[in-house]
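This report concerns only the one structure given below.
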Amino acid sequence: MLDWEQIFATRSSRMRASEIRELLKLLDQPDIISFAGGIPDPALFPDVAFKEAYSDIFSSAQVGAALQYSVSEGYKPLREWIASDVAKIGIDCTPDNVFITSGSQQALDYLGKLFLSPNDTALVTWPTYLGALSAFNAYEPNYDQLSLNGNRTPEAYRDTAAKTGGAVKFAYLSADFSNPTGETVDLAGREKLLALADELDIAILEDAAYQHLRYDGEAIPPIMALDIARRGGIENTRTIYSGSFSKTLAPGLRVGFVVAAMPVIRKLVLMKQAADLHSSTINQIAIEHVASRGFDAQVAKIRSVYSKRRDAMLAALDKYMPKTATWTRPEGGMFVWVTLPEGMDGAELLAKSIATEKVAFVPGRAFYADGSNANTLRMSFSCADEAMIDEGIKRLGRLISNAIRAAA
Ligand SMILES: Cc1ncc(COP(=O)(O)O)c(C=O)c1O
């Protein structure tokens, strides 16, 4: 048999299935209460609106164009819609500054490819979105911990990068309701990041996948909006903003986008021509159709459902979790992040939890670039109703309390 590893490129050595994926395969059992998947509830998809959109497309003269190849930048009316939507949150740009991707995951891959030579450093939050680490890993970077409280100097970042033979290229973060912690970076943290990026002369990748899912509290301007306000226009910014229709409309159509200065957009267009030519024409048209007719109503609907589930999860954690556990109180998004006492292991707990309590979550270690903090758990509240959330957290609280007692 061929020794494939011998002929694969070195970059492939970092493409590994995570150990938790194996455990998560067990979730197909019907009686599991799952807080594991970070996915939208399919019951909330605007399926009727999509049916109308596709039916309109198929009964119009546009059908030929909808089924045809199209431009790499993306469908112009959709880019116009996105430009006007992001303008509402202070991102003043033209449709030319908007580039359509096949999900915002593709944006992470392209941005990794665009910025990272082997051994360059990507600054990421600790923990960070696992899919971003997977996307960047293929470009063989090193990771360094992005601190948003200003307690690390630019020299400290530069020195660490130089030691590993590369340069710091960008800071990646999700500023609103991050995956996995659900936390939001406050205005001061965003300003500090802009100042740090200026000093290091690096890009900021602002992943805004959950930006529309705020349930309470004051909205904070995106880093991109602050950058535009400081610099007097998008062409002078260093922030690259990525967004997605996956959490608001539906992920199956795979439509996401990037908003950035033109030099970045021009490179992304060349990359897309080489990678997949363009994102699905018909799906971009359908997204524009649905978004332009009912985006706000759809967002209001999902916010109202998810906020109740968030409340139910926080109430259940208060009720059933042992005092030695702590957790975040997110103002939006899909996740609560639980920290257990030192020494506990989320992966071991998951194996027990699936076997005895039939409750699933994601062990937190996978979200750390250095595989640390095994005592953390990511709990998603998006796909379980309030009664299931109460029951699931009750069982988990029991399991964790017993595990803590056994370890004492
Ligand atoms: C923070 C974050 N960014 C990006 C993505 C990718 O989503 P999509 O490719 O569906 O836009 C996800 C998906 O869960 C996410 O949580």
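The values are calculated or read from the model by the stated rules, or taken from the named source; none is laboratory data. Because the structure is a prediction, the values reported are computed rather than measured. Here the Cβ positions follow ideal geometry from the backbone for every residue, glycine too, while neighbour counts run over all protein chains shown. Remember, those area values only see protein heavy atoms, side chains included, never the ligands or the DNA or RNA. Shrake-Rupley method; radii C 1.70, N 1.55, O 1.52, S 1.80 Å.
Just tell me the longest site-free run in the chain, where the sites are chymotrypsin sites (Phe, Trp or Tyr not before Pro) in a DSSP loop having at most 13 other beta-carbon atoms within 10 Å.
70-408
If ligands, DNA and RNA are left out, what is the accessible area of Ile354 with a 1.4 Å probe, given in Å² to the nearest 10?
So the heavy atoms of Ile354 present about 10 Å² to solvent.
Between Ser34 and residues 5 or more places away or on another chain, which pairs have amide H atoms under 5 Å apart, with H built 1.01 Å from N, and which residues are they?
When sequence neighbours closer than 5 places are left aside, the close amide H contacts are Ala360.
If I model the range 114-244 as equal point scatterers sitting on the Cα atoms and use the Debye formula, what is log10 I(q)/I(0) at q = 0.15 Å⁻¹?
-0.69
With charges only on Cβ, +1 for K and R and -1 for D and E, what is the dipole size of the chain about its Cα centre, in debye, rounded to 20?
In debye, rounded to 20, the chain gives about 340.
So which trypsin sites (Lys or Arg not before Pro) in the range 248-325 are both in a DSSP loop and have at most 15 other Cβ atoms within 10 Å of their Cβ?
Loop-located and lightly packed - Lys323.
For Val48, tell me the accessible area in Å² from a 1.4 Å probe, rounded to the nearest 10.
100 Å²
Considering only the chain, what is the antiparallel percent among its DSSP beta bridges, to the nearest 5?
Around 50 percent of the beta bridges assigned by DSSP in the chain are antiparallel ones.
List, in order, the whole-Hz ³J(HN,Hα) value for each residue of the range 98-109 obtained from phi through the Karplus relation with A = 6.51, B = -1.76, C = 1.60 and θ = phi - 60°; use x for Gly and Pro.
My calculation for the range 98-109 gives 9, 10, 8, 10, 7, x, 6, 4, 5, 4, 5, 4 Hz in order.
Any chance you could check the Cα centroid distance between the range 367-391 and the range 67-146 for me, in angstrom?
With the range 367-391 and the range 67-146 each reduced to a Cα centre, they are spaced 25 Å.
With a 1.4 Å probe and all protein chains kept in place, how much accessible area does Met388 have, in Å² rounded to the nearest 10?
70 Å²
What does the convex hull of the Cα atoms come to per residue for the range 343-396, in Å³?
Given the Cα convex hull of the range 343-396, per-residue volume reads 72 Å³.
Before rounding to the nearest 500, sum -39500 (n - 2.57) across all DSSP H runs of length at least 4 in the chain and divide by the residue total; then give [θ] at 222 nm in deg cm²/dmol.
-13500 deg cm²/dmol
Among Asn151, Ser304, Ile393, flag the residue with its Cα farthest along the positive direction of the charge dipole of the chain, charges on Cβ as +1 for Lys/Arg and -1 for Asp/Glu.
Positive-most Cα among the choices belongs to Ile393.
Could you tell me which of the pairs Lys76/Lys113; Lys319/Lys394; Lys163/Lys192; Lys319/Lys352; Lys25/Lys247 are separated by over 19 angstrom between their Cα atoms in the structure shown?
The answer is Lys76/Lys113; Lys163/Lys192; Lys319/Lys352; Lys25/Lys247.
Sorting Ile91, Ile282 by accessible area (1.4 Å probe), largest first, what list results?
Ile282, Ile91
Given contacts defined as C-alpha pairs under 8 Å and at least six residues apart, what's the relative contact order of the chain, whole-number percent?
Normalised by residue count, the contact order of the chain is 23 percent.
Reported to two decimal places, what Rg/Rh ratio describes the range 258-337 when computed on Cα atoms with Rh from the Kirkwood expression?
Taking Rh as the inverse mean 1/r over Cα pairs, Rg/Rh reads 1.20.
Could you report the range 87-246's accessible area per residue, 1.4 Å probe, as an integer in Å²?
So the range 87-246 comes to 35 Å² accessible per residue, rounded to a whole number.
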